[in-house]
Amino acid sequence: MITATYIATGEQPAQTLEPGTVADILWSTAIPADGLEHIYATTGRQEISLVLFHRSVHAAHAVAATDRICRSALEQAPALTGYRLLNPTRTRHPDDAPFSDRRHLMGHAKTARIKRCATSTALRTACTPKAPTQKL
């Protein structure tokens with residue numbers, strides 16, 4: 001799980017974008033070698049916050065892939081004019097996060113599962129409801 005943030009530069013007016021639009025832009029710049037599985041984006045007036053999930057054994061590969069994806073998007077997408085990228089960083093697995101953060105991450109996972117957009121194995125496993133037990 002890698003987090004990244006685009007912030008408005010202030011030099012040019014930055015567009016306020018929908019989270020789905022930002023995710024589509026990032027998906028368009030991803031390549032199979034990036035191992036990208038899922039993108040979660042939130043947008044505000046001056047900031048776009050991202051969480052990217054990768055199929056990668058090494059966190060360094062996931063951070064590098066996120067950096068490449070996000071920088072490519074800045075270069076290729078006119079909609080991101082007026083934003084700059086803060087360096088992507090590795091975030092702990094939701095089970096390692098403090099309770100309040102874990103609740104937030106798991107809440108997103110439940111929403112994503114309902115929308116059928118969650119592809120992260122960790123999130124799917126954490127949020128899969130248990131099968132009901134049969135009473136005899």
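The values are calculated or read from the model by the stated rules, or taken from the named source; none is laboratory data. In this text the structure is predicted, and so the values were computed from the model without any measurement. All Cβ positions, even for glycine, are placed from backbone atoms using ideal geometry, and neighbour counts span all protein chains on display. Quick note on the areas: whole protein, heavy atoms, side chains included, nothing else; ligands and nucleic acids left out. Shrake-Rupley method; radii C 1.70, N 1.55, O 1.52, S 1.80 Å.
Which residue is farthest from Arg71 (Cα to Cα), if the candidates are limited to the range 10-51 and must be assigned to a helix (DSSP H, G or I) and of a type in the set (Ser, Thr, Tyr)?
In the first step, residues of the range 10-51 are kept if they are assigned to a helix (DSSP H, G or I); the result is 19-29, 32-34.
Still in the running and of a type in the set (Ser, Thr, Tyr): 21, 28-29.
On the way: Thr21: 16, Ser28: 12, Thr29: 9 Å.
If we take residues in the range 10-51 being assigned to a helix (DSSP H, G or I) and of a type in the set (Ser, Thr, Tyr), then Thr21 is farthest from Arg71 (Cα to Cα).
Could you tell me which residue of the range 64-93 is farthest from Thr3 (Cα to Cα), considering only residues that are open to solvent by 20 Å² or more (accessible area, probe 1.4 Å) and aliphatic (A, V, I, L, M)?
It comes out as Ala79.
Find the residue count for the range 1-30, including only residues that are free of Cβ contacts under 8 Å to residues at least 24 places away in the same chain and open to solvent by 80 Å² or more (accessible area, probe 1.4 Å).
The number of residues fulfilling the criteria is 2.
Please work out which residue is farthest from Pro78 (Cα to Cα), limiting yourself to the range 14-43 and to residues that are acidic (Asp, Glu) and over 10 Å from the mean Cα position of the chain (by Cα).
Asp34
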